[in-house]
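**Student:** Shown below is the structure under consideration.
Each reported figure results from applying straightforward, stated rules to the coordinates on display, with no laboratory input. Remember, predicted model here, so these are calculated numbers, not experimental data. Every residue, glycine as well, gets a Cβ built from its backbone with ideal geometry; the counts of neighbours run over all protein chains shown.
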Amino acid sequence: MEPIVEKDLLQKLKSNFGYDSFRLEQQKIIENVLAKKDTLVIMPTGGGKSICFQLPALFFEGITLVISPLIALMKDQVDSLKANGISATYFNSSQTEEEQQHVFDVIVNKEVRLVYVAPESLQLLQNILHQNYISCIAIDEAHCISSWGHDFRPSYKQLAFLKKSLPDVPVIALTATADKATQEDILEQLAIPNATRFISSFNRENIALEVRPANDRVQQITKFINRRPNESGIIYCLSRKATEQLAAKLSQSGIDARPYHAGLSFEERAETQESFIKDDVQIICATIAFGMGIDKSNVRWIIHYNMPKNIEGYYQEIGRAGRDGLPSHALLFHSYADVIQLRQFIANTANQEVQEAKLERMKQFSEATVCRRKILLSYFGELIEENCGNCDVCKNPPQFFDGTVIAQKALSAIYRLQGKEAMGTVIDVLRGAQNAAILDKNYQLLKTYGVGKEISWRDWQHYLIQLVNQGFCQIAFHLNNTLQLTEFSEKVLFNGEKVELTTPIEISKESPKQEKV
Ligand code: ADP
Ligand code: ZN
């Protein structure tokens with residue numbers, strides 16, 4: 001094979017996809033794949049992940065196998081490749097045996113560039129999983145392999161064998177949402193520990209972030225929408241019933257809104273989706289089933305009627321707004337009733353602890369008194385120094401005081417505990433608690449033991465959450481929720497960096513008004 005140079009890549013980008021330049025890190029990613037190196041791509045939805053494996057596929061000798069969980073979208077994906085002059089096909093359980101046999105032949109004869117496969121159908125392809133035929137393996141929605149991820153699918157577990165049976169074939173794993181723990185897990189599970197990582201920025205500056213208490217939601221939403229005539233938006237609700245009730249209520253106040261959930265017939269869903277894309281319907285009240293794979297660039301706002309169960313989900317959902325880069329708005333209603341309900345959903349399910357920790361983080365995001373974008377980004381392992389200026393906290397900041405000494409105490413306690421303890425024990429150490437957990441481990445001998453006696457337990461919790469939210473320390477979900485230092489901690493501990501904290505607010509005794517929806 002002739003060495004492939006930039007000119008060749010740009011030429012294919014133009015001739016097959018019609019684009020003049022690469023976006024973000026696309027080119028580097030493509031070069032890495034073409035160099036047959038394993039690759040991990042974390043790129044926000046709409047960032048342009050597909051080209052990262054579709055373009056290399058045009059240069060490889062053999063086939064690029066694309067593992068994708070979205071059977072419903074496979075045909076569309078293949079059709080749009082064909083429309084771009086790229087030969088492709090798919091293989092899944094919806095096909096007849098004959099059709100499947102045809103795909104075998106096509107692969108063996110290398111008659112197509114790309115083959116999309118559902119993970120559960122992969123074993124049927126086992127006989128032809130051979131490096132003579134397969135040149136590259138792309139794993140889309142790679143977070144599905146991890147039980148730390150927010151959308152774990154058992155069928156993805158089988159993918160671990162791919163690297164073992166095809167050790168010389170490069171694997172490119174792609175996802176839009178993977179927190180740090182999930183990223184580690186993906187590499188481990190896929191047996192590609194040395195994969196080059198490309199983590200694009202998660203920062204979507206054009207989306208204004210706002211959180212409000214969930215009081216009189218319908219009224220608030222009606223006002224919100226009336227202030228934005230002719231704008232498209234999606235309102236996410238927790239249940240099917242809620243989507244219908246809310247759509248009905250909005251319609252009563254003259255707002256044309258349609259429900260969308262997995263309980264509706266295929267035709268109804270397709271029709272609603274189509275009308276939304278064409279701007280015939282501007283507002284959809286949906287469960288999270290809505291939005292996957294929808295390519296609509298002018299969604300102007302997203303409302304979360306209910307709290308999402310984790311930050312990955314929240315980020316993914318708000319990411320459906322403003323793909324055209326124009327100013328957009330994400331409004332989240334925060335209610336303790338939702339937190340309680342979500343906790344009940346999680347109870348007794350697989351991975352309960354991970355899910356609880358993630359929900360807790362979502363709750364902390366909602367309660368935040370520091371720049372919300374900082375929290376969001378730090379969750380995905382991205383640290384920003386400046387406040388964003390485009391979230392409700394930045395626009396309407398709470399009162400801050402110099403919390404440097406408090407931060408120093410907290411961080412040095414975490415340092416002395418070597419990142420081995422979760423928040424509760426860190427607070428116990430700071431407050432000089434005398435319980436068995438402390439005394440058993442001789443924590444009373446630590447230098448920081450009791451240095452924070454004068455601060456109440458609850459206030460410490462408030463401060464520590466703020467420190468996490470500002471990136472000065474982090475919660476390692478994959479290591480029993482232990483509190484750990486970050487690269488920012490040093491600045492506070494050794495370089496005298498000033499830390500601003502907010503005074504703890506009295507917890508509101510007012511529970512949100514009970515609503516019918
Ligand atoms: P993702 O899979 O990351 O959500 P896609 O691969 O579907 O994103 O790409 C999102 C959109 O961006 C698509 O419409 C795609 O054609 C477009 N796109 C991708 N790369 C480029 C590029 N280099 N220049 C312009 N548009 C691009
Ligand atoms: Zn901000």
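**Student:** Can you order the peptides 85-92, 120-127 by their average number of other Cβ atoms within 10 Å per residue, highest first? Don't skip to the end; give the middle numbers.
**Tutor:** Numbers: 85-92: 19.9, 120-127: 15.0.
Descending packing order for the listed peptides: 85-92, 120-127.
**Student:** Related question: Give the lysines reachable from Lys180 as a straight Cα distance under 21 Å; neighbours fewer than 8 places away on the same chain don't count.
**Tutor:** Counting by Cα, and skipping residues close in sequence, Lys180 has these lysines nearby: Lys49, Lys157, Lys309, Lys358, Lys363, Lys374, Lys420.
**Student:** Something else about it: If you take the Cα atoms of the range 346-427, find Rg, then find the Kirkwood Rh from the mean of 1/r over all pairs, what is Rg/Rh? Don't jump to the answer; show the numbers that get you there.
**Tutor:** Working: Rg = 15.4 Å, Rh = 15.1 Å.
My calculation of the ratio gives 1.02.
**Student:** Right, here's the next one. Over the alpha carbons of the range 192-238, what is the largest minus smallest coordinate on each principal axis, giving the biggest first in Å?
**Tutor:** Largest to smallest, the principal-axis extents are 52, 24, 15 Å.
**Student:** Along Cα→Cβ, 7 Å out, is where each label goes; now give me the distance between the ones at Lys14 and Ala191 in nm to one decimal.
**Tutor:** Distance between the two pseudo-spin positions: 4.2 nm.
**Student:** May I pose another question? Given charges of +1 on the Cβ of Lys and Arg and -1 on the Cβ of Asp and Glu, with all other atoms neutral, how large is the dipole of the range 269-378 about its Cα centre, in debye to the nearest 20?
**Tutor:** Working: 14 positive and 13 negative charges, 65 e Å.
Here the range 269-378 has a charge dipole of around 320 debye.
**Student:** Once amide H atoms are built 1.01 Å from N in the peptide plane, which residues 5 or more positions from Leu129, or in another chain, come under 5 Å H to H?
**Tutor:** HN-HN under 5 Å from Leu129: empty list.
**Student:** Hey, fewest Cβ within 10 Å first, where do Phe104, Phe401, Phe224 land in order? Working shown, then result.
**Tutor:** Working: Phe104 15, Phe401 10, Phe224 18.
Final ranking by Cβ density, sparse to dense: Phe401, Phe104, Phe224.
**Student:** While we're on this one: Under a 5 Å amide H to amide H cut-off, with H placed in plane at 1.01 Å, what residues pair with Ala138 once short-range neighbours are removed?
**Tutor:** Under 5 Å from the amide H of Ala138 lie the amide H atoms of Leu65, Val66, Ile67, Ile172, each far enough along the sequence or on another chain.
**Student:** From the Cα gyration tensor of the range 316-454, with a ≥ b ≥ c the square roots of its eigenvalues, which class applies: rounded if a/c is under 1.5, or else prolate if a/b is larger than b/c, or else oblate? Let's see the in-between values first.
**Tutor:** Details: a/c = 2.50, a/b = 1.53, b/c = 1.63.
Oblate, since a/c reaches 1.5 and b/c is not below a/b.
**Student:** I'd like to know which of Met307, Gln11, Phe380 lies farthest towards the positive end of the charge dipole of the chain, counting +1 on Cβ of Lys and Arg and -1 on Cβ of Asp and Glu.
**Tutor:** Result: Met307, furthest along the dipole toward the positive end.
**Student:** Compare the Cα positions of Ile192, Gly432, Ile71 along the charge dipole of the chain (+1 at Cβ of Lys, Arg; -1 at Cβ of Asp, Glu; about the Cα centre) and return the one farthest towards the positive end.
**Tutor:** Result: Gly432, furthest along the dipole toward the positive end.
**Student:** Can you work out the base-10 log of I(q)/I(0) for the chain at q = 0.09, 0.10 1/Å, using the Debye formula on its C-alpha atoms alone?
**Tutor:** -0.72, -0.88
**Student:** Cα-based Rg of the range 121-259 per 2.2 N^0.38 Å, rounded to two decimals? Intermediate values should be presented prior to the final figure.
**Tutor:** On the way: Rg = 22.0 Å, N = 139, 2.2 N^0.38 = 14.3 Å.
It is 1.53.
**Student:** Let me ask something else about it. Grab the eigenvalues of the alpha-carbon gyration tensor for the range 1-56, scale each by 5, take roots, and send me the semi-axes largest first in whole angstrom. Display every interim value, and only then the final one.
**Tutor:** On the way: eigenvalues 59, 47, 13 Å².
After diagonalising the Cα gyration tensor, the semi-axes are 17, 15, 8 Å.
**Student:** Here is a further query. Using the alpha-carbon atoms, what tilt in degrees (0 to 90, nearest 10) does helix 266-277 show relative to the longest principal axis of the chain?
**Tutor:** On a 0 to 90 degree scale, this one is about 80.
**Student:** Would you be so kind as to identify which of His102, Val499, Thr287 lies farthest towards the positive end of the dipole of the chain, taking Lys and Arg as +1 and Asp and Glu as -1 on Cβ and the Cα centre as origin?
**Tutor:** Value computed over the given set: Val499.
**Student:** Taking amide H positions as placed in the peptide plane 1.01 Å from N, state which residues far from His329 in sequence (5 or more) or on other chains have amide H under 5 Å from it.
**Tutor:** Here the answer is Ala208, Trp301, Ile302, since their amide H atoms fall under 5 Å of that of His329.
**Student:** Relative to the Cα centre, what is the charge dipole magnitude of the range 90-200, using +1 at the beta carbon of each Lys and Arg, -1 at the beta carbon of each Asp and Glu, and rounding to the nearest 20 debye? Write out the running numbers ahead of the final one.
**Tutor:** Numbers: 8 positive and 14 negative charges, 77 e Å.
So the dipole magnitude of the range 90-200 works out to roughly 360 debye.
**Student:** Once all Cα-Cα distances of the range 64-149 are split into 5 Å bins that start at 0, what whole-number percent is in each one?
**Tutor:** 3, 14, 26, 27, 18, 8, 3, 1
**Student:** Cut-off is 10 Å between beta-carbons; in what order do Ile234, Ile128 appear when sorted fewest neighbours first? Walk me through the intermediate numbers first.
**Tutor:** Details: Ile234 26, Ile128 17.
Placing the least packed residue first, the sequence is Ile128, Ile234.
**Student:** Can you list the trypsin sites (Lys or Arg not before Pro) in the range 414-506 that are in a DSSP coil and have 16 or fewer other beta carbons within 10 angstrom? Spell out each step's value before the answer.
**Tutor:** Details: sites: Arg416, Lys420, Arg431, Lys441, Lys447, Lys453, Arg458, Lys491, Lys498; in loops: Lys420, Lys441, Lys447, Lys453, Lys498.
Listed in order of number, the matching sites are Lys420, Lys441, Lys447, Lys453, Lys498.
**Student:** Which ³J(HN,Hα) values in Hz, rounded to whole numbers, follow from the phi angles of the range 43-52 under the Karplus curve 6.51 cos²θ - 1.76 cosθ + 1.60, where θ = phi - 60° and Gly and Pro get x?
**Tutor:** Going residue by residue, I get 9, x, 3, x, x, x, 6, 4, 4, 4 Hz, with x marking Gly and Pro.
**Student:** For the range 239-324, take the convex hull of the Cα atoms, compute a quarter of its surface area, and give me that in nm², please. Can you show the working numbers first?
**Tutor:** Details: hull surface 22.1 nm².
That works out to 5.5 nm².
**Student:** Taking every Cα atom in the range 36-89, find the radius of gyration and the maximum pairwise distance Dmax, and write them in Å.
**Tutor:** For the range 36-89, the Cα-based Rg and Dmax read 11.7, 30 Å.
**Student:** Starting from the coordinates of the alpha-carbon atoms of the range 155-204, obtain the Kirkwood hydrodynamic radius over all distinct pairs and give the value in Å to one decimal.
**Tutor:** Values: mean 1/r = 0.0837 Å⁻¹.
Taking every pair of different Cα atoms in the range 155-204, averaging 1/r and inverting gives 11.9 Å.
**Student:** Now for a separate question. Which angle from 0 to 90°, rounded to the nearest 10, does the C-alpha axis of helix 336-346 make with the longest principal axis of the chain?
**Tutor:** 50
**Student:** Here is a further query. Quick one: putting +1 on the C-beta of Lys and Arg, -1 on the C-beta of Asp and Glu, what dipole do you get for the range 138-250 around its Cα centre, in Debye to the nearest 20?
**Tutor:** Here the range 138-250 has a charge dipole of around 480 debye.
**Student:** Related question: How do Ser366, Ser68, Ser80 rank when sorted from fewest to most other Cβ atoms within 10 Å of their own Cβ?
**Tutor:** Ser80, Ser68, Ser366
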